[in-house]
Amino acid sequence: MSFTRIDTLDNMDVEGGPGARLRVARARGEAFRREFATTGTPDSIVTRDLVTLPYPTRFGLFRASRAIAPFLSITNRMLVVRWHDDGRERILLFEPSDHEYGRYTPYFEDLSARTPNVVERRVVKVHGTVPGHLERLGIAPEDVDYLMFDHLHTQDLRRWIGATPYFPNAKVIVQRDELAALSDLHPLQKPWYQPATYRDLPAEAFLPIDGSVVLGPGVAVVKTPGHVFGNQSLVVNTSTGIWVSSENVIAAEALTPEHSKLPGLASWTRRWQQEVVLNANTVETTADQYNSIILEKTLADRSQRDPRFLQFFPSSELTGAWTNPGTTPTFSHGQIVH
């Protein structure tokens, strides 16, 4: 196991304020995009749906939406990425959320307590579990090398790497600064984390990294701070070009809102001269999140299905529902196939 540091994306925090950092993000992103395309491609990528759940519209489509629905729906998905390293197959699970335990996140636990059971059953749809999907894919838990999340909001990892780990050989790839933040959360962070669930997890189950690295042929982790301090994005090179995945935005059209038919998005971005629409349930460092999304936008290739939109795959993607008028996406990916 040997990761390659991405020197091109080092030292992005230049002097001159967020405007200067934005220019650096565009330039460095273009440079890394050319480099990354030469690293090859992984063996395969498959996508599996986990759960569709409600999420406040004001968070997911930050200030831009004019939809009357207070909530929209997002579908959380897991990516299974395989490649070979030194003759051995490696398996990465990106966003393998334990949604059964994730519901105890303070924000969602409070929302559930205020929602009648009959309503909750209508708006929350479970599609499958991580173990169930892996069994159908023929992947044994002991064969999984890495677990990775764009950030640790809502995540409870005790069943995956705890005292009797379901994934006995897996390491959790995480930015070192996010792992450190769990020990002393800021009030802006507290509704979204479950810090008590990390206290008894073995330190050796984590693989802390600092910044951006290439994991293998056509597979990279890029640090994208803002949504949380230690946010990171998965970048993969595939048969259709480069994809980027994170939860910095909840819809591909949030990167090219000029083509969106969602009420308010195109006009809001024109009026406020903003290029993207953030997913902003937290506002830890909003300007940095904006800059990170521009970096993601610079890296992603255009969709072959509709070139108005980019191959950005939201780890929790906006999903239309009759209960949420005005929030049906103009375009959605649904999956990555490679």
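The values are calculated or read from the model by the stated rules, or taken from the named source; none is laboratory data. Bear in mind that the values here come from a model prediction, so they are computed numbers and not experimental data. Here Cβ is always computed from backbone atoms with ideal geometry, including for glycine, and neighbour counts include all displayed protein chains. Note: accessible area is taken over every heavy atom of the protein model, side chains too, but ligands, DNA and RNA are not part of it. Shrake-Rupley method; radii C 1.70, N 1.55, O 1.52, S 1.80 Å.
Residue 223: which lysines have alpha carbons under 29 Å from its alpha carbon, excluding same-chain residues fewer than 8 sequence positions away?
List returned: 171, 190, 297.
Which parts of the range 289-333 would a label at residue 66 reach, counting a residue when its backbone N lies under 20 Å from a point 7 Å out along Cα-to-Cβ?
Answer for this model: 324-331.
How much accessible area per residue does the chain have, counting only protein heavy atoms and a probe of 1.4 Å, in square angstrom?
43
What is the ratio of the Cα radius of gyration of the range 69-184 to 2.2 N^0.38 Å, where N is its residue count, to two decimals?
So the range 69-184 has a normalised radius of gyration of 1.21.
Among bridges DSSP assigns within the chain, what percent are antiparallel (round to 5)?
For the chain, the DSSP antiparallel bridge percentage is about 75.
Could you give the nm distance between label points at residue 112 and residue 239, where each point is 7 Å from its Cα heading toward the beta carbon?
3.9
In the chain, carbon and sulfur make up what percent of the accessible area (probe 1.4 Å)?
Of all accessible area on the chain, carbon and sulfur atoms account for 51 percent.
Among DSSP bridges having both ends in the range 138-281, what percentage is antiparallel? Round to the nearest 5.
For the range 138-281, the DSSP antiparallel bridge percentage is about 65.
Hey, how many Å between the Cα centroid of the range 253-331 and the Cα centroid of the range 1-42?
Cα centres, the range 253-331 to the range 1-42: 21 Å.
In percent, how large is the relative contact order of the chain, given Cα pairs closer than 8 Å and 6 or more residues apart?
24
On the principal axes of its Cα set, how long, how wide and how thick is the range 142-232? Give whole Å, largest value first.
Principal extents (Cα only, largest first): 38, 31, 17 Å.
How far apart, in nanometres, would the label points at residue 123 and residue 204 be if each is projected 7 angstrom from Cα along the Cα-to-Cβ direction?
For the pair residue 123/residue 204, the computed spacing is 4.5 nm.
Convert each backbone phi in the range 16-33 into a coupling constant with the Karplus relation 6.51 cos²θ - 1.76 cosθ + 1.60 (shift: θ = phi - 60°), then list the ³J(HN,Hα) values in order as whole Hz, x for Gly and Pro.
x, x, x, x, 5, 5, 5, 5, 5, 4, 5, 5, 5, x, 4, 5, 5, 4
Restricting things to alpha carbons, find the Rg to Rh ratio for the range 269-333 using the Kirkwood radius for Rh.
Taking Rh as the inverse mean 1/r over Cα pairs, Rg/Rh reads 0.98.
Please state the Cα pair-distance histogram of the chain with 20 angstrom bins from zero: what percent is in each bin?
Bins of 20 Å from zero give 32, 62, 6 percent of pairs.
Provide the gained length on full extension for the span residue 46 to residue 11, in nm with one decimal, where the gain is 0.36 nm per separating residue minus the Cα-Cα distance.
Net length gain for the segment: 9.3 nm.
How much accessible area does residue 250 have with a 1.4 Å probe, in Å² rounded to the nearest 10?
Residue 250 exposes around 0 Å² with every protein chain in place.
Just need the relative contact order of the range 197-312 here, percent rounded to a whole number, with Cα pairs under 8 Å and 6+ apart.
25
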